[in-house]
Amino acid sequence: MANEMTSTTADAVQCPVCFKDFEPATINGHLDVCLLESVTDSSPLAADESEPPLKKARARVETGPPSPSGSNAVASSSSMAGAPSAAAVFSLFQTNKSKVSVQGERNGLVSSTQSPVNKGVKRNLLGEAEPGQGPGADNVKSQTSGLNGQNSKTSTGLSPRTLLTTNKPLAETLRPNTLEEYFGQNKVVGQQTLLRTLLDSQEVPSLILWGPPGCGKTTLAHIIASASKKKGTVRFVTLSATSASTNDVREVIKQAQNELRLCKRKTILFIDEIHRFNKSQQDTFLPHVECGTVTLIGATTENPSFQVNAALLSRCRVLVLEKLSVEAMGSILDRAVAALGIKVLGRDPAIPKDKDQSDGHEPKIFIEQKALDTIAYLCDGDARAGLNSLQLAVQAQVSSARPNASGKGSREILVKEDHVKEGLQRSHILYDKAGEEHYNCISALHKSMRGSDENASLYWLGRMLEGGEDPLYVARRLVRFASEDVGMADPAALPQAVSAFQACHFIGMPECEVILAQCVVYLARAPKSVDIYKAYANVKACLRNHKGPLPSVPLHLRNAPTRLMKQLGYAKGYKYNPAFSGTVEQEYLPDELQGINFFTWTPSNP
């Protein structure tokens, strides 16, 4: 009998809502009923009746003896979790025991049983954070406020001026939460696109989001999560590959398995900078993405063909996000100034005094349209850089307009183009010396010189040098170009390129930039010939495609330093060219290759 009771207790599954034990076969049905009862019972009396017995027992241990109706609950809680002793210890830390409420005990119990991912955030039955809960509550509210520039306060209850004084960057505070506020990626999430159709049908596949910084990869992942939560069948977990370990990933996958098994709820796992994971860490996802335990969304700025395992890449769909256009940046900045309550000169109508909701103590902020256009052009398609530059410029002017010691301050603030340029010192150039953009730019430089376009050649040279490229790397490429593309059409090109390399090695940047520019223009203007390049390529093809042993060197071309070698016929019949006044008739290729011309010969496929 004891063995039967022990086995029954071991196989029982505890309900996460009411903390009662049930058979594994009946736990799912009980969860459906238990969740519905907790939602519909909204009256205080009903709420007390639906309280889990364990929670009631903990409250009664501190406030008084348990009632007869709760004796079973006390016994159950004592045998399973030791609730009386835990409550007694907990009460030692209370300064006023008489003020300990049942609700406080309930909150303490729930928070202690939450997973590390959701710790400290009060969530509803759908797994979504309730309004006003969690560290990102203000951010979530500001995202869903429907900002239109007509109200002086957002749905968070904070004035637009407060958004400028928070520690969060503006790009994070105003992160879009719906596709209607997501600009610049119509090719990916526009109408009639595959991803848009999948989002509408709540069927999201595993994705790899590839694009430059600030194009909206992380934002799109959160929008996908928000859209998937509408039915309450999806939970969203975020990890960063720069700080997460393999154990963190395995813990999330274990939780996802439990959620899918007990609650029939899927898990979307978002991995930021997924290219930072090594091969073994990326292999951790393979079986779980394959069987659908988790839906993986990875974001990367690197080419996934090189940075993501081929096995994982085959299980995901790659979405290429482009750099934001100037028009898209303009829309993003317009939404930002509307959220901040900033008026654009010459575009926004003046607000009548009787409808002005400002408190009269804060100065009004205006911005020139030209200043917004400057940000849109200079941020180089990076929404994060554009929004943070706008925040920096506005904060600087607000600080300068604050009342001084005498109480005098400006009542109106105007943000001009010069203020924006001061914060953006120079164009936000996208260039990664170790990434794909490095190879893209050097390829563009090479092809521009090959096409004799000296203007384009100088432009791509400037993109690389201003982006921080090593000048010696560029100089080495120019040496290669001098023989590959110019060749014998201008034999002086190679000495020019070698001299440029040596000069760059002597003086370095920034003085050597004009030397590289001179060499680039010389090579672009020089006549082009690829005869040597093609001829040597034909030689390599001939050697690789040859079947059988390679031909031996003809005897008359061999050297004969010993008597034995002379007896074997080495150097016999060789004609010493300087000893003849005219052309010497002599064969220098093996018999198998007689008559071949590598400058005109076309290799055949092996």
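Solvent exposure of segment 174-267 amounts to 47 Å² per residue of accessible area, where only protein heavy atoms count and the probe is 1.4 Å. Note on L262/L36: beta-carbon distance plugged into 1/(1 + (r/R0)^6) with R0 of 22 Å gives a FRET efficiency of 0.85. 5 Å is the cut-off here: which amide hydrogens, built 1.01 Å from N in the peptide plane, fall below it relative to I413, excluding neighbours closer than 5 in sequence? Excluding prolines and chain starts, which carry no amide H, the hits are K364, I365, F366.
Computed extension length for E436-Q586: 48.8 nm, one decimal, from 0.36 nm per residue of separation with the Cα-Cα distance subtracted.
With R₀ set to 22 Å, the beta-carbon distance separating S325 from R480 gives a calculated FRET efficiency near 0.05. Taking packing as the residue-averaged number of other Cβ atoms within 10 angstrom, the listed peptides 458-467, 510-519 run from highest to lowest as 458-467, 510-519.
Find how much the distance from D470 to I596 grows on full extension, using 0.36 nm per residue of separation minus their present alpha carbon separation; answer in nm with one decimal.
Details: separation 126, 0.36 × 126 = 45.36 nm, distance 4.31 nm.
Difference between extended and current length: 41.1 nm.
Using the Cβ of G298 as centre and a radius below 13 Å, the other residues enclosed give a net charge of +1, where K and R count +1 and D and E count -1.
For segment 473-522, carbon and sulfur atoms together expose 63% of the accessible surface, with a 1.4 angstrom probe and every protein chain in place. Note on Q14 and E511: their simple-model spin labels are 7.5 nm apart, each label 7 Å out from Cα toward Cβ. Distances between placed amide hydrogens fall under 5 Å for T295 paired with T267, I268, L269, all partners being 5 or more residues away or on another chain. Accessible area per residue for segment 479-606, computed on protein heavy atoms with a 1.4 Å probe, is 70 Å². Positive contributions from Lys and Arg (+1) and negative ones from Asp and Glu (-1), summed over other residues with Cβ under 12 Å from the Cβ of N28, come out at +1. The label-point distance for T178 and A456, in a model that sets each label 7 Å from Cα toward Cβ, rounds to 4.4 nm.
Net charge of the neighbourhood of K575, taken over other residues with C-beta under 12 Å away and scored Lys/Arg +1, Asp/Glu -1, is -1. Karplus-derived 3J(HN,Hα) values for segment 371-376, using 6.51 cos²θ - 1.76 cosθ + 1.60 with θ = phi - 60°, are 5, 5, 5, 5, 5, 4 Hz; glycine and proline are entered as x.
The values are calculated or read from the model by the stated rules, or taken from the named source; none is laboratory data. Just so you know, these numbers come straight off a predicted model, no measurement behind them. Please note: Cβ atoms are built from the backbone with ideal geometry, for glycine as well, and neighbour counts cover all protein chains shown. Quick note on the areas: whole protein, heavy atoms, side chains included, nothing else; ligands and nucleic acids left out. Shrake-Rupley method; radii C 1.70, N 1.55, O 1.52, S 1.80 Å.
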